[in-house]
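Written out below as structure tokens is the structure these notes cover.
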Amino acid sequence: MALCCRIAAYARGTRDGEVPFIRSTRTTSPPVNLGVRFTQKRPLEVNMIRSSSLITAITAIALCVGCVHSPTVDNHGIPTNANKASETEVYRKFLDNWIESEKTESISVAMEAEEPSPKKIEQFSDCAREDNTTTPHWLPAKSISDLSDIVGKLPYVRLVDSNKWEPHDPGELISQGQSVESAVKDGFAGGLLTFSAITFDESYETAAFAYSFICGRLCGNGAIVIYRKTQSGWVQSKHCGDWIS
């Protein structure tokens, strides 16, 4: 930005007919007449020089501004804000479906999403191949320490630190005298939904993640989910590796 300011100052000087001052550390010597006659530039030549300098300066400033406002991209040339928007949409659509299918008003979600393990990536590929003969080339996924900016604004989501979370185990509630129906209801209400970080393929048209819902020692379920990008947005296309306890 300092360079842009210096260029602008130079442009102003040449436009107003001034000669830009150039600082030098050399000592000056008396002028020496070498017998060479210097002629003064005609007005037209001066105007052409000024115009050329001004155009050069404006172009340089425009390039500087473009650099400042250019979007940040990842190693694959995808704008990082596009990555975040895709993550938000995929998680939100899954959570919307969860709330609707479970007929509940809210859900506790773990604040962090861990990077999928190499074994889990293989499971993603197996799941994706079931409805697509081509094996996706997955991009590296990074752990997310805080999902607040991604799903924290959804009105039905309660973000929870998984290290401080404690389940309402239905088995313990039953042993304390609660009915089975009441214990299971309380257990599910206090359960914790945990996501892995979403893994995208190179085309950013396929997304995969794993989830688990834990509500006690013998209370929980989970699976792998594949989403495909369509003209209308991200759509769930596959549900694999279901487990239940």
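Every condition in (1) under 18 Å from Glu115 (Cβ atoms); (2) in a helix (DSSP H, G or I); (3) β-branched (Val, Ile, Thr) holds for Ile224 except the one numbered (2).
In the range 103-125, the qualifying residues are those that are charged (D, E, K, R) and surrounded by 13 or more Cβ atoms within 10 Å (Cβ to Cβ), and the one that is farthest from the chain's Cα centre (by Cα) is Lys120. Beta carbons closer than 6 Å, at least 6 apart along the sequence or on distinct chains, pair a first residue in the range 88-105 that is in a helix (DSSP H, G or I) with a second that is surrounded by fewer than 18 Cβ atoms within 10 Å (Cβ to Cβ) and of a type outside the set (Lys, Arg) for Ile99/Tyr156. For Phe213, indicate whether it is in contact with a Leu (Cβ under 6 Å, 6 or more places away or on another chain), crowded, with 19+ Cβ neighbours inside 10 Å, within 22 Å of Glu100 (Cα to Cα) and in contact (Cβ under 8 Å) with a residue 12 or more places away in the chain. So Phe213 fits the description; yes. When Ser175, Ser179, Ser148 are screened for being closer than 23 Å to Ile107 by Cβ, of a type in the set (S, T, N, Q) and either loosely packed, with under 13 Cβ neighbours inside 10 Å or modelled with pLDDT of 95 or more (or both), only Ser148 passes. For Ser108, the conditions (1) of a type in the set (Gly, Ala, Ser); (2) without any contact (Cβ under 8 Å) to a residue 40 or more places away in the chain; (3) closer than 23 Å to Gly241 by Cα are fulfilled apart from (2). Report, by residue number, each residue of the range 182-206 that is aliphatic (A, V, I, L, M), surrounded by 16 or more Cβ atoms within 10 Å (Cβ to Cβ) and assigned to a helix (DSSP H, G or I). The answer is Ala183, Val184.
Kindly check whether there is at least one residue in the range 174-193 that is touching a residue at least 40 places away in the same chain (Cβ under 8 Å) and under 23 Å from the mean Cα position of the chain (by Cα). Yes: the range 174-193 contains one or more residues that are touching a residue at least 40 places away in the same chain (Cβ under 8 Å) and under 23 Å from the mean Cα position of the chain (by Cα). Counting only helices (runs of 4 or more DSSP H) that fall entirely inside the range 115-180 and contain at least 3 residues that are touching a Pro at 6+ places or on another chain (Cβ under 8 Å), the qualifying elements are 118-129.
Residue-by-condition table, conditions (1) outside the structural domain of Cys240 (by TED's automatic domain parsing); (2) in contact with a Lys or Arg (Cβ under 8 Å, 6 or more places away or on another chain); (3) not hydrophobic (A, V, I, L, M, F, W, C):
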| site | (1), (2), (3) |
| --- | --- |
| Gln123 | no, no, yes |
| Asp126 | no, no, yes |
| His137 | no, no, yes |
| Ala141 | no, no, no |
| Val157 | no, no, no |
| Val180 | no, no, no |
| Ala207 | no, yes, no |
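The values are calculated or read from the model by the stated rules, or taken from the named source; none is laboratory data. Predicted model, so just to flag it, every value in this text is computed and none were measured. Quick reminder, even Gly has a Cβ in these numbers, built from the backbone with ideal geometry, and neighbours come from all protein chains shown.
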